[in-house]
Structure formats: C-alpha cells, structure tokens
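The values are calculated or read from the model by the stated rules, or taken from the named source; none is laboratory data. What you are looking at is a predicted structure, and each value in this text was computed from that prediction instead of being measured. Cβ atoms come from the backbone with ideal geometry, glycine included; neighbour counts cover every protein chain shown. Just the protein is used for accessible areas: all its heavy atoms, side chains included, with ligands, DNA and RNA removed. Shrake-Rupley method; radii C 1.70, N 1.55, O 1.52, S 1.80 Å.
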Amino acid sequence: ACTTEGGDSGGSGGSGGSSGDGGGSDLSFAVITHGSAGDAFWDVVQNGAEAAGEDLGISVDYQSDGDPQRQAQLIDAAVNQDVDGIVVSMANPDALQDSVEAAVEAGIPVVSINSGGDRSAAFGAIGHVGQDEAIAGRGAGAELASGGATNVLCVMHEAGNIGLEQRCSGAAQGLGSDVTPVQIDINDLQGAQSTIASQLQADPTIDAVLTLNSAVAAVAVEAATDAGSEAQVATFDLDQDVISGIQAGDIAFAVDQQQYEQGYLPIVMLKLYVQNLNTVGGGQPVLTGPGIVDESNVDEIADLASAGTR
Amino acid sequence: MPLLELRDVGKDYGSVIALDGITSTVRAGEVTCVLGDNGAGKSTLIKILSGVHRADRGEMLLDGQVVSFGAPREALDAGIATVYQDLAMIPLMAIWRNFFLGAEPTRGRGPFRRFDAAQARETTRLALQEMGIDIRDPDQPVGTLSGGERQSVAIARAVHFGARVLILDEPTSALGVKQAGVVLRYVAQARDRGVGVVLITHNPHHAYPVGDRFLLLNRGRSLGSFAKGEVDRDELTRLMAGGAELDQLAHELERPTS
Amino acid sequence: MPLLELRDVGKDYGSVIALDGITSTVRAGEVTCVLGDNGAGKSTLIKILSGVHRADRGEMLLDGQVVSFGAPREALDAGIATVYQDLAMIPLMAIWRNFFLGAEPTRGRGPFRRFDAAQARETTRLALQEMGIDIRDPDQPVGTLSGGERQSVAIARAVHFGARVLILDEPTSALGVKQAGVVLRYVAQARDRGVGVVLITHNPHHAYPVGDRFLLLNRGRSLGSFAKGEVDRDELTRLMAGGAELDQLAHELERPTS
Amino acid sequence: MFAFFAVQSEVFRSPRGIANWLDPASTLGIMAVAVALLMIGGHFDLSAGVMTGTTALTVGIVAVEFGQNIWVAIGVSLALALAIGFFNGWLVTRTGLPSFIITLGTFLMLQGLNLGLTKFFTDTVTVGGIDDAPGYAAAEWLFASRLSIAGTEFRVAILWWVLFTVLATWVLLRTRFGNWVFATGGDEVAARNVGVPARRTTITLFMTTATAAWFVGVTLAVRLTSVQANTGIGQELIFIVAAVIGGCLLTGGFGSAIGASLGALIFGMTQLGIPYLRWDADWFYFFLGAMLLLAVLANRLVRRYAEAARR
Amino acid sequence: MFAFFAVQSEVFRSPRGIANWLDPASTLGIMAVAVALLMIGGHFDLSAGVMTGTTALTVGIVAVEFGQNIWVAIGVSLALALAIGFFNGWLVTRTGLPSFIITLGTFLMLQGLNLGLTKFFTDTVTVGGIDDAPGYAAAEWLFASRLSIAGTEFRVAILWWVLFTVLATWVLLRTRFGNWVFATGGDEVAARNVGVPARRTTITLFMTTATAAWFVGVTLAVRLTSVQANTGIGQELIFIVAAVIGGCLLTGGFGSAIGASLGALIFGMTQLGIPYLRWDADWFYFFLGAMLLLAVLANRLVRRYAEAARR
Ligand SMILES: Nc1ncnc2c1ncn2[C@@H]1O[C@H](COP(=O)(O)OP(=O)(O)OP(=O)(O)O)[C@@H](O)[C@H]1O
Ligand SMILES: Nc1ncnc2c1ncn2[C@@H]1O[C@H](COP(=O)(O)OP(=O)(O)OP(=O)(O)O)[C@@H](O)[C@H]1O
Ligand SMILES: [Mg+2]
Ligand SMILES: [Mg+2]
C-alpha cells in the first residue's frame, strides 16, 4: 500500500488522514465525487465515508470536482497512489469510463455511488450504492400530486447539471404534467429569492415550488411570502432549516436520499471485499432512497441532521 | 506640381475649432516650416497630412489627385513618414522593435517568413549612431530612454522610411545642441534628395536656416505664407513671437542690480 | 549656506551608470543651469533632488543637514517643486484637478472637509492666463491639450507651489517663443524672490540670460561648473554642443546651389 | 431597458415587481460602487464576492456558536473584513504584483477558510439560527427591515444603496481623497511624483471594498438567518461587470459611482426581467448575455447622442 | 513548486504521477498560451472557457445526432469557433467597448446556447456515444492517444501543448504579427499611427483563442466521448490566471507564451499536488490560494535575483 504521510491532519475537519489509527488494518480508500466543495448534500456523503473510515480503522481520503475530466484525473491520481479501493460517483459515466476501467485493471476494487448505477457493473465495479435521480424525482412528483399540486416550479440551481435535470424531469413524470424550470445561482441566495418571487408573481397559478437543494428551500418559503403566493414548497435533501421548516409547516416535505449511506456503505463494502471478497446484492444496485420526510417523521430526524448525518 | 496640397482645410474637436481655412503646398525638394503659438493647430495639421485625423472641411491633394487618408497606414504607403509630437512609440517594447514597427523586414518565405531580427537590430544601432546617440543595448525598452534619446529614435525611424514626404512635429524640442544640428542636417539632406519636408519648430534659429517657406498659424487660422526671401531671421522671430518685444525681455531677465 | 548641496552623488540603472561623482550647490536667489547632451543624466539628477530616486552614492544636504528623500512627497513638503520632463500629469483628469493634485485646497472641516472646486478652477484659469494660455474649459482632460499647453500647466503648477526650490526639466522645449519668454520671466521673478532655481535646457539662448551658474554634464560625469562671469554666450553654446563647429553647420544647411 | 421589460410584463412594472427586482440590485449596487472606486484606483478585488460570505459566516459563527450578542458578532466581522482588506492592499502595494493575482489568492484562501472553519465549528456547511442571538431585533431593523411606500414593501437595503452611491459620488468628485483615487488609477508614477500618497490611497480603497462586503455580508446573515459556506463565490465578477457596464475603465483612472449603480440596476433588471417574461429557463443565460450586450450598446449610443447634442 | 510537492509525495514525482498532473496542465496550457497572446494584445476573452464546451458539444451533436463522420463534425466545430472568435473581435474593434464586457456577453449567450441546443437536440443535457461515429479511431489517435515513454503512458495533449507553446513563442518574438501584437497591446493609438493594422491584429487574436478553444473542445469530446452542456464554464478565469502567473500584464503589451505555459504548469501541479499530499479536501481552496500566492511571490523573488545577478 501507499505510504504517503497521509496529510498531517491539516486543520481539523476530521479527515481520515491518520491511516490505520483504530483497528489494525492499514487500508486506504479514496472517495471521489462530482460534488462541488461546500455543497450540503455531498458534505453528508463525506461525513458518512469518514465516519465509516473511523469506525473501521480505515484511512479515507475524500476528493471532489464537478468537472468530469478533472474527476477522471483525480481517479488516476488515486490509482497512482495504489489505494486499496475507490468509491466514485458517476454523473457522467462515459467521461469516467477510461479511468474507472484502469483502476479495475490495476486490481483496485471500485464501488460507484449516487449516479451511474446502470453502467457500474459494465465498468467492472463490484457494486453500486445510490438512488437514481430520476426515481427520486418521480417520488417527489407523485408526493406533490397527492398534495394537490398541478402547476409546479422546479428551481435549478446549476445550469446544465445532469442530476438536476433528471430530478426535474422525474418530477414531471411523477406529477403527470410538465413542470416550469427556473435558473438561479446557488451562491447568491438573495438573488434566488427574488427570482423565485418573480416567477410566483408572474404566474399566480403556480401552486407548488420544488427546490433541488436544501439551502434554496428556505429562501423559496420567503419568496412565496414576498410574492403573496399560497404555493407549497417541497425540496430535495435535508438540512436544519428544512427540518424546522417542515416542523413549522412552511415546507410540505423533503425527499431524503439518505446520502449518509452513500458515503458509509461503500467503505464497508470495500473493506469486506478486500478482506473477505464479499460482494453485496449480487452486483445489483443498493438503493438508499427516496425517503420522504414530512410532518409525520420529521421530529425523529431533527437531531440527526444537526449532527451532519442526515 | 506640388507633392501635397491643402485647400481650405478645417478640423474641429467637439466645440473647439482647431483649424480653419488652411491652404498650403508641400513641394518636392523644399522645406515648409509651420510656425505658431502653442495650441495654434500645428499638430492638428500634421495629423491630417499623416492620416491620423480626417479633415472636417476642405480637401487634400497628393500629386494633384484628391485623397483622403482613412488611416496612417495609407499615408505611409503613399510615402509620407511622420515624427509625431508624442512620438508614437510603445514604451514597453525594445528600441529595435519600435524602430521597425509596422514595416518589419522579413526573411524566409511562406509560413517561414519571419522578422529579420539581426538585421533590424543592426540597422537601428547604425541609424542612431549616425545621430550621435550611442545605444548600449538595442533591446532596452523605449520607456527607459531619456527624453532626447526617445525623440532621436522616432526621428531616425521617420528619416529611414520617409520616401517622398517627411513630416517632423517639433523634432528638436528635447534634443541637445549637437543632436539638433544632426537633425537639421538630415532635413537638409532629405530636401536635397528631393523629399518634401514639413517641419514644425518653435526655435527660429532652427527654422530659418533650413526653411524655404514659412506657414504661420494663429488660433487655427493662417496668418499667411512667406518664402525665405521675403523675411529675414529677426523678422521671422518677431512673427513667431506674435510681435512681442523680445529684446526687452532679454533686458528684463538680467538681474535688476547687476 | 547653500539651500541644497550635492556631494559626490551617483546613480545606476542596472548596468547603466547614469550619474557619478556629481558635486554641486543650489543657492537661494540663484539660477543653476544644468547643461549636457541627451542621455547625459540631467533628468536623473533632477529626480534625485526631487525625491523620485534615491542616490546610490554620495549625499544630499538641505540647509546643511543631510537628507534623503524617500518619496516626492517629502521633497514637496521641504518646499521643492518640480516640473518633470514627462510632466507628471494624469491624461484622463481635468486640468484643474491636475493642477492641484496632491495639494488640494479644502473647505469646511471635519468630515465635511471637501475639495474647494470653485477656487481651484479659478486659480488654474488665472495661472494659465498669466502664461498666455487661454484655456477655454478647465474641465477639459489634460490628455486633449496640445503639447505646449500641457507643459504650461505643469510649469504653472510648479511655480504656484515652489516655495524654496523650483526645479524645471526642459520647461520650454515645447513652448512657443512668446510662452518661453513668459517662463523665463517667471524664473527670473522666482529668483528675485529668493527662490533657488534649477533649470535644464538645451537652448543656450534661454540658458544664458537667466543662468547664474552652469553645471555641465557629460555621460553622467561633471565637466565642471562655471559662474556666469567666466563664460560668454558663444562659449557656452560651444560647450553645450561639445565643441562641434556650429557655424560650419549653418553653412551646410543652406542650399548647395543658392 | 426598464421600458423594454415594463412593456412586456405587467407584473414587472407593478410596485411589487419593482420592489422585487430592486432588491438584488441594491446589494449588488452597494458592492458595485465600492468595486468601482477600487477600479478607478486601478485595481481589482476578486475576493470581494467571497468576502461577503466570510463576513456573513463570521457573524453567524460568533453569534451562534460562541453565543455572543449579534452586535459583537457584527463588530468582529467588521474587524475581520478590514484586516482582509488591509492585507490585500498591503500585499499589492508592497509587492507590486497585479492585484488580480493577489486577490485571487485571497479569494481562494477565503473560500477554503469559509468551508473549513464552518465545518469545524458546526460540522455542517451552514450556520443557522442567527435570529436567536441577543440583539437580533435591532440588527434586523437596521439591515433587513422593510419600508412601506405606497402600500408596497421595499427593503431597507435599497435606501442604503442610494446612500452609499451618493456618499461615494461625493467622495470621488468633491474630496481630496477622490482626486487621489483618479490620479492613482490614471498614472501611479505621475501621481506619486506630484506627492499623492498612492500606497495609502490603494490600501484605503481595498479596505473600502472590504467594508462594503462586510455590510452586504451582515445584511445577508441578518436577512437569511442562516448562511451557506459557499455564499458569494462567483459574485466578484458580477460586481466588476456592473462597474464596467457603468463606464469604469478596466485600466483604471476613469469611471463613476453613479455609473456603477446604474450598471447594477441594469444587471438586476435583466436578471429578473427574464424570469418575469417567463422565457424558457434553458435559454436564460442566452437572453441574459444578449440583453447585456444590447444594454451596453444602447448605453453607448445614447451617450454618443448626448455628447453630440451638447456640442 | 515541483520540488515542494516532489519532496512531500513520492508518487507525485514518479513517472506515473508526472503523467497524471501533466494532463490537466496540458489542456490548460494550450488555452493559457492563446489567452496570453490575446492579453498581450490588450484584450480579455471571457468566452474562452465556455467555448471549449460549445465546440465539444458541436462535435457531439453533428457526429451523433446528425450521424456525420467525426471529421465533418470537427470541421463544422472549427468553422463555428472561428465565427465566434471573429464576432468577438469584430464587435470589440467596431464598438470600442471593453472586451471584458463584450466577451462576457458572448460567454453568457454561449452558455445559454449550449444548454438550450443540447436539450433541443438530445432532450437531455449530455451528448454521448461520440465513439460510435465513423472516423472516431483516427480522431482518437490524433487528439486522445497515449504515448508510452519509459514505460509510462503520457497523453498526446502534452505534445500538442509543447508544440503550441513553441509556435506561439516563435510567432510572438520572430514574426511581424508578433511585433504587432505587442504594439497593439502596448499603445493602440501609437501602433496605428505608425501603420500597424491594429484591428486586424485584434480580430486575429480573438480567432486564435477560439481556435485553441476548438482544439481543447475536440480533445474533450474525443477523449470523454460524452459531453455535458455545462462543460468549460468558469475555466476562462483559470486561463487568465495562468497567463498572469506567467507574467502577462492585465493592461496589455507585455508577457510571453512560455510564461503562460509555466503558469499553467504551476496551476496544474498545485491542483493535483494537494490531493497527492492527501490534504483535507475542505481546505483544498485554502491551500490552492496559499500555494498560488507563494508561487507568485517566489517567482518574483527568483526573477529579481536573476536580474540582480545579470547586472
Ligand atoms: N529607468 C531607467 N532604466 C534604465 N536606464 C535608464 C532609465 N532612466 C534613464 N536611463 C538611462 O540613463 C541615462 C541618463 O538618462 P537621463 O534621462 O538622466 O538623461 P538626460 O540627461 O535627461 O537626457 P535628455 O536630455 O535626453 O532628457 C540614459 O542613457 C538613459 O537611457
Ligand atoms: N483630441 C482633442 N480634443 C479636444 N481638443 C483638442 C484635441 N486635440 C487638440 N485639441 C485642441 O486643439 C487645439 C490645437 O491643438 P494642436 O495640438 O494642434 O496645437 P499645436 O499647434 O500643435 O500646439 P503646440 O505647439 O503646443 O504643440 C488646442 O487648443 C488643443 O487644446
Ligand atoms: Mg503640437
Ligand atoms: Mg531629460
């Protein structure tokens, strides 16, 4: 195995830098995702992976880059470092194909997470943990439809992101009618609020807003108030604000992918594979969601979310 | 037939009338001096001749043909080379690159045609040496040259490329006595080669020896055009000073006590 | 005691030795002319006096005290005002703003202290009018002025702020005969008020009448310092030209035929 | 510009619509004015966007994680912003390196700090619950209240924006410091030669930008009550864009505060005008780009026409 | 820089590690060189990043959706890139507006077009299956093959990068056009006064940047075989950063192609060096910023030292 010094625990975030500090094994896994730094969703995945690393005494190194080519280069870098296993999210499977196959060829077991489940086995990955964005989208759409929504605004916080597109089109399928997409900038929430409000003002018949990121949900609630609209707000993913929003009745529900599992489980799977050649589910994808969080179950989850695990 | 002829030319900058009703000729083998106060419009006239500005009124004739230069390139192609008052040099570029800017000598052919740097360096060094400027390093950026050295580069460039008409806007202003002498000698040489020269200067001691004809401007209008025979040096000086009593000044400048 | 004194001052730009072993004095009520070829180091000397550059060798004394200006601000505060050869003006800014740049008159107090624009405009207009420059609009950007007008603004500024020492680097180079006369008169006035003046010029006709003492530079070294009584005008001209035969030149410039 | 959108969309020209699109224009405007001053002074600040995030997060962390009074948090945040601004200015004047690259360094470092420290203190990537801090009500009144004018609620930030613009215009045109800013940006060497304290001016400008970022950051924190670690990233360019639309030269020495404000207004209008027209969201950026080009071109035509008429 | 990472990480300095971090540096370097030429000529191109996406998507759409031979697709893509470059240059020279704002307009428009047209043709936001197009093998050989040197596989893009740098350096320093580029960026008015065709030079430079974007776009399309609609967004700044690290002045008139290449190298090394050291990803940007500042400062020190020694 690679004997780099494993980052002198640069700071504090609790990365699994210090290799093999628990259970005697000196395994080292790399997690490489397409999330952008500071994204709330991927933050929970990272927490899951690092928690698993700590629990099992495995060194886990988390890296991410939204650009497919650079994500591929990060995989190559991990292969060069001779890690013992790689976890990779495959938003753009074609772009990663070469690098993933190279890793498999080099004898490194790979587990894919989050997206790309249909190509996972073909690339030689030992398993997939995740939830298809389209399935999650359909779940959200169906839930909205049962709540009586007919004209839904779908808030895209990143133009051209394939996962977000799948969520919106999935929601349209679940709803049984078209949704109206609108573009905002995730780093400018104040502008996002105005944009959502403008849509609600321009079309008063909108009766539901579906946000694809938990941070946007809170401003969507505000925007509805600003615009004097009665539209209900639903969102993907959880955070503190979303939970208190659900508790207060401002937010109807949140679609929870339970992405903590997408970080935690693959580490376990890799460890079992490396040490015991176990596989899970016969190569079939392991689904982590969608779970719907609404008034009925929000209170139990509230504490967990503040700890960064939901 | 005159080389260049201006007929009733005028030019405005916004509300400022910089030139109005100027008529003049530039003949081959003659030096035309343009004289006038600061802000009289001399540089503006030059810029019309060299294609930087287009005249707003009147017309310009080259070899008897009406022309209107849309860009300095066109004037250059017609054989008119100019030393601008602000010198038109790129401070960050090396001396030799500035020297040949816009007229780079090339070597090789097709895709391998390239700037002949060795020749350009050598020509630059020689041209400046002839003016009495000893450049230590032709790769020095123009911005680090002294004021007079910079002016010398601009003059040497214009002299080198001035095929038919050579225009000099206050070429000797920053030059030492020796270098100014060299420039005047160049002007005389060009004149003798049959080049038409337009010279702007505030120094009557420079204007009188080389000038063949003197065009006087005042606030954008012509005060008349004189041939050399019609005026002598002192009269010219008086004309340039707008009739002010210079002799009196000389007395004033002396110490009141001594 | 001299106002300013230089002792064995030297300055290099990289490998170029611009000045070496210069010793000189500037006395109150005297005009010191610095003469020399292009690139002799005159502007460099000025820049040391005015705090733009620090001397690499030697020392400078102000009122007998050793000083070393780290910034032009310090020299200005000591009452030394300078007209730089490149004029030190901001082309995009209005004339009156340039005029008072770094020494803005203010009105009001505390947080309401503000630039007294009306006064600044008026002062600028008057100062230029006195030099014979009639500015149509003091809000015109300096970049659109003619070369001589721009120089006049810089001179008027220095004269206005020159408390004890006034340094002029080729102030008359772009000026018309009349304007040059006005500047020389200013120099004489300042001298008579007891200001120490340092004047650089290439025109012996300008240097001789006002100069009290002449410092000759050649390639960065001093060729000696002469009091006015020691040389006459023709000798001075010959010294400035480095001994070249100027009379011969005058002949050469005449047409070979005529 | 306004006319175009107003004709097309009734809601856009309604008081509520106006209040809505003035809101993003206001915080953008405050930043654009400060950035314009800096650009006139000849420099860029790429860290201005992320600094709004840093200051907002600081308010959140000090108020929530350390349980301090919100005014204490706001004070700490200001001190931090001034320190960063000073650091930027000092490094730029000290090293003589382009401010573009120096502030890019600060930008990246702050981006990392924002994320790293937020995670360190909260274990997540958001700081929330700022409204529970003591003193919140007063802070809300100052930074995030709404003013009712003719029955429509306008954000108080719009008022601040107008104040900032007026103040900046006054400073630029009517004070010594303003003169120095133009001079430093126009030609730093010449300015220094006539005695302008160019370094001090530059550092002050960077600190001004930091102060504006602090103000916007606090407004964000108080208004949204929870702050994301990636707040403000990418905004720095929009500030520069607004300043440039408003006529600032990228090379320094020319521009105006009021122009930058108008630039922010044009940008804000365009950004929200498109959703008001309900044009296809996929083409949002296409329209944004096209509108921007048209606005700038129209702006230029109008100015030319005005200049020609004045003559 | 290299020394720092090499000492810290054994893998970083191994041939395989080098091949790994040279890869991002290579495409970045190709763009940085073109962008540097443009910056020397006094202009910016903010649309350079998104143009790599536009060209890659064009290749994909023409090859896959229209079922054309991949070489046809590459040709169409080149024609499009040249047209965009010409449009940028023409608008900049024609209107006299800052290129920053013009190319920002193109940037946003292309971003919208990329998304809108991709969705129009494919109904999703990716174009995939480029490897099924006829002629793919030859294109792959040219744009995306690997060269085996001393047992390690290096991407062919590295070779292209070196070629581009050499070519650009030669053009800059040894041709008339290069002289014109320096002059146009240094002082456009003066350059025009001595007869330099400044407009033509500017337009050519924009078209050069577009060509480089086309090359990188095709490389992406051929290598990844599927292209996302948001490819390249945000890269434009990194190109400029690499050029500035390499010594280009933002005000134009000064810089070098080899410097821009080194800038790309430094940036690429830092970007992959941090994962190699396995430093905490949360702090990635902090380290990136700090490294950048250090690299630039060190660079400056070394240059000073070299200059002092030369004297
Ligand atoms: N920044 C600089 N870097 C390198 N060399 C310089 C720099 N400034 C001046 N020089 C050189 O130093 C020498 C003296 O320059 P200086 O400007 O003092 O001359 P000068 O006597 O004022 O000449 P002129 O009469 O032409 O104005 C010249 O050879 C010039 O090329
Ligand atoms: N671009 C411009 N915009 C506005 N006014 C201008 C512009 N260029 C020149 N002027 C004005 O036009 C008049 C003539 O200027 P010009 O430069 O031709 O004078 P000049 O005779 O060359 O003077 P000098 O002897 O001082 O060089 C001046 O009053 C000047 O202020
Ligand atoms: Mg003139
Ligand atoms: Mg000089």
Return the chain D residue and its Cβ-to-axis distance, rounded to the nearest Å, for the rotation relating D to E.
D:Thr251, 3
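I'm checking a number: the convex hull volume of the Cα atoms of chain E, normalised per residue, in Å³. What is it? Kindly include the intermediate steps, with their values, before the conclusion.
On the way: hull volume 46.2 nm³, N = 311.
Given the Cα convex hull of chain E, per-residue volume reads 149 Å³.
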Taking K and R as +1 and D and E as -1, what net charge do the other residues with C-beta under 14 Å from the C-beta of C:Gly220 add up to?
0
Can you list, shortest first and in nm, the gaps between the label point of C:Asp234 and those of its counterparts in the other copies, using a point 7 Å from Cα in the C-beta direction?
1.8
Tilt relative to chain A, helix A:40-56 - C-alpha long axis, 0 to 90 degrees, to 10:
30 degrees
What is the calculated FRET efficiency for D:Arg200 to E:Ala3, with r their C-beta to C-beta distance and R₀ = 60 Å, to the nearest 0.05?
0.95
Please list C:Val165, D:Val302 from largest to smallest accessible area, probe radius 1.4 Å, with all protein chains kept in place.
D:Val302, C:Val165
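Can you check what the net charge comes to around E:Leu110, using other residues whose Cβ is under 12 Å from the Cβ of E:Leu110 (Lys, Arg +1; Asp, Glu -1)? Show your work: numbers first, answer last.
Numbers: positive: none; negative: E:Asp45, E:Glu236.
Net local charge, E:Leu110 excluded: -2.
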Signed unit charges on C-beta, dipole axis of the stretch D:2-300, positive-most listed residue D:Gly178, D:Val7, D:Ile233
D:Gly178
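Need one number: convex hull volume per residue for the stretch C:1-95, Cα atoms only, in Å³. Could you put the intermediate results ahead of the total?
Details: hull volume 12.3 nm³, N = 95.
For the stretch C:1-95, the hull spanned by Cα atoms encloses 129 Å³ per residue.
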Taking a crude spin-label model, label points 7 Å out from Cα along the C-beta direction, the B:Ala118 to B:Asp56 distance in nm is 5.3 nm
Distance between modelled label sites at C:Thr23 and D:Leu301, nm, 7 Å Cα→Cβ extension
7.4 nm
Work from the charge dipole of chain A (Cβ charges, +1 for Lys and Arg, -1 for Asp and Glu, about the Cα centre) and give the residue of A:Val209, A:Ala224, A:Asn80 farthest towards its positive end.
A:Asn80
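Compute the orientation-averaged projected area for the stretch D:246-295 from the convex hull of its Cα atoms and round it to one decimal in nm². Show your work: numbers first, answer last.
Numbers: hull surface 15.1 nm².
With the hull built on Cα positions only, its mean projection is 3.8 nm².
Tell me, what % of the accessible area of chain A is carbon and sulfur with a 1.4 angstrom probe? Walk me through the numbers before you get to the answer.
Details: 4590 of 10170 Å².
Carbon and sulfur atoms account for 45 percent of the accessible area of chain A.
Quote the FRET efficiency, to the nearest 0.05, computed for C:Arg193 versus E:Leu147 with a Förster distance R0 of 56 Å and r equal to the Cβ-Cβ distance. Let's see the in-between values first.
On the way: r = 80 Å, r/R0 = 1.43.
Efficiency, from the Cβ-Cβ distance: 0.10.
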How much net charge surrounds E:Ser14 when only the other residues with a Cβ under 15 Å from the Cβ of E:Ser14 are counted, with Lys and Arg +1 and Asp and Glu -1?
-3
Given D:Ala260, D:Met291, D:Tyr276, which one lies farthest toward the positive end of the charge dipole of the stretch D:197-311, if we put +1 on the Cβ of every Lys and Arg and -1 on the Cβ of every Asp and Glu?
D:Ala260
Given the -39500 (n - 2.57) contribution per DSSP H run of 4+ residues, what per-residue ellipticity at 222 nm results for the protein assembly as shown, rounded to the nearest 500 deg cm²/dmol?
-17000 deg cm²/dmol
If I compute solvent accessible area with a 1.4 Å probe over the protein chains, what percent of it on chain E is carbon and sulfur?
67 percent
Do you know the relative contact order of chain D, to the nearest whole percent, from alpha carbon pairs under 8 angstrom that are 6+ apart?
35 percent
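Return the ratio Rg/(2.2 N^0.38 Å) for the stretch D:224-311, where Rg is computed over Cα atoms only.
Working: Rg = 15.7 Å, N = 88, 2.2 N^0.38 = 12.1 Å.
Ratio of Cα Rg to 2.2 N^0.38 Å: 1.30.
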For a quick check of understanding: with a 1.4 angstrom probe and all protein chains in place, what accessible area in square angstrom does C:Phe226 have, to the nearest ten?
50 Å²
Using a probe radius of 1.4 Å on protein heavy atoms only, what is the accessible area buried between chains B and C, both sides summed, to the nearest 100 Å²?
3800 Å²
Could you give the accessible area per residue of the stretch B:143-226, probe 1.4 Å, as a whole number in Å²?
29 Å²
Label 7 Å beyond Cα on the Cβ vector: E:Leu163 copy-to-copy distances, nm
6.2
Looking at the stretch E:178-194, residues buried by 10 Å² or more relative to their chain on its own, accessible surface at probe 1.4 Å, turn out to be E:Asn179, E:Trp180, E:Phe182, E:Ala183, E:Gly186, E:Asp187, E:Ala190, E:Arg192, E:Asn193, E:Val194
In Å², and per residue, what accessible area does the stretch D:2-300 have when probed at 1.4 Å with the other protein chains present?
32 Å²
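For E:Trp90 and C:Val16, what is the calculated FRET efficiency with R₀ set at 41 Å and r taken between the beta-carbons, to the nearest 0.05?
Numbers: r = 44 Å, r/R0 = 1.08.
FRET efficiency, E:Trp90 to C:Val16: 0.40.
How many square angstrom of accessible surface are buried between E and D, both sides summed, with a 1.4 Å probe and rounding to 100?
Details: alone 15290 and 15280 Å², together 26790 Å².
Approximately 3800 Å², summed over both chains.
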Along its principal axes, what span do the Cα atoms of the protein assembly as shown show, with the longest given first and each in whole Å?
110, 70, 62
Using a 7 Å Cα-to-Cβ projection, C:Asp137 label spacings across copies, nm, ascending:
4.6
Suppose every Lys and Arg Cβ carries +1 and every Asp and Glu Cβ carries -1, with no other charges. What dipole size does the stretch E:2-300 come out with about its Cα centre, to the nearest 20 debye?
760 debye
To one decimal place, what Kirkwood hydrodynamic radius in Å is obtained for chain B from all pairs of distinct Cα atoms?
19.4 Å
Residues of the stretch E:5-35 with accessible area at least 40 Å² lower in the all-protein-chain context than alone (1.4 Å probe)?
E:Val11, E:Arg16, E:Asn20
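Taking only C-alpha pairs under 8 Å that are 6+ residues apart, what is the relative contact order of chain A in percent? Could you put the intermediate results ahead of the total?
Details: 667 pairs, mean separation 56.0, N = 310.
Relative contact order of chain A: 18 percent.
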Chain B - percent of accessible surface contributed by carbon and sulfur, probe 1.4 Å:
48 percent
At 1.4 Å probe size, what's the solvent-accessible area of A:Glu261? Round to the nearest 10 Å².
70 Å²
Among the residues of chain C, which one places its Cβ closest to the rotation axis that maps chain C onto chain B, and what is that distance in whole Å?
C:Ser173, 2
Magnitude of the Cβ-charge dipole (Lys and Arg +1, Asp and Glu -1) of the protein assembly as shown about the Cα centre, nearest 20 debye, reported as 6320 debye
Would you mind giving the total buried accessible surface between chains E and B, with a 1.4 Å probe and ligands, DNA and RNA left out, rounded to the nearest 100 Å²?
1900 Å²
With a 1.4 Å probe on protein heavy atoms only, tell me which residues of the stretch C:29-43 lose at least 30 Å² of accessible surface in the complex relative to the chain by itself.
C:Asp37, C:Asn38, C:Gly39
